[in-house]
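The values are calculated or read from the model by the stated rules, or taken from the named source; none is laboratory data. Owing to the predicted nature of the structure, the values given are computational and were not obtained by experimental measurement. Cβ placement follows ideal geometry from the backbone for every residue including glycine, while neighbour counts extend to all protein chains displayed. Keep in mind that these areas ignore ligands, DNA and RNA; they rest on the heavy atoms of the full protein, side chains included. Shrake-Rupley method; radii C 1.70, N 1.55, O 1.52, S 1.80 Å.
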Amino acid sequence: MNRWIFLFLLPIAVAGCATVPKPLAVGSFAEVTPSAAQNDNFVGQRVRWGGSIANTEPGKNETCFEIVSHPLDSNARPLETDMTWGRFIACAPDFYDPEVYAKGREVTIIGNIQGITVRKLGEYEYHYPQINAETVYLWPKLIPYSYYGSQYPYYNSYYGPYWYNPWGPWRGRFGSPYW
């Protein structure tokens, strides 16, 4: 009997670990990447794309984001990878502060493809798919975590605070601290 309960609860427990935030879970989305949208006509398709912000440009009535696209994980968060699906422009109504929506921050965007915008990327004329963003989800910053010790390299449980002291724990007395 316990085995059947376990087999019933296991999928529920696993599904609970991989949840998409509510604003990103609404609706269905076309399976189109930004690089595919550069070449074909996908105007009007509803997409969920994400990546890291390359530039934020507030305008009079909207804010446009240039985003370097990355594949999304099961939570709809952009993966930290060198693989990219190209770049895209997402314009959303209202003001989004460029200090908060800064370069390098991860976002996931939901919206409809409006067409292709051609802009200079260096000296190259880049074809950006542009979407009319209905949802702009800014992901919280990831905090680096070290499994093996403190974030302070000169203090940990083994050496203590004396690692950087040239006299050691005996505080300037010459000779061994054990004599």
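Before moving on, here are some points about what is shown:
- The set of residues in the stretch 97-116 being out of contact with any Asp or Glu (no Cβ under 7 Å at 6 or more places or on another chain) and surrounded by 20 or more Cβ atoms within 10 Å (Cβ to Cβ) consists of 106, 107, 108, 109, 113.
- Within the set 100, 136, 107, the sole residue that is of a type in the set (A, V, I, L, M), out of contact with any His (no Cβ under 7 Å at 6 or more places or on another chain) and more than 16 Å from residue 23 (Cβ to Cβ) turns out to be 100.
- Qualifying positions in the stretch 77-135 - within 20 Å of residue 31 (Cβ to Cβ), outside any strand (DSSP E or B) and among the aliphatic types (A, V, I, L, M): 79, 83
- Hey, residue 74 part of a loop (DSSP other than H, G, I, E, B), under 22 Å from residue 28 (Cα atoms) and either of a type in the set (Ser, Thr, Tyr) or open to solvent by 50 Å² or more (accessible area, probe 1.4 Å) (or both) or not: yes
- Checking each residue in the stretch 63-101 for being more than 14 Å from the chain's Cα centre (by Cα) and more than 20 Å from residue 122 (Cβ to Cβ) picks out 63, 90, 91, 92, 93, 94, 95, 96, 97, 98, 99.
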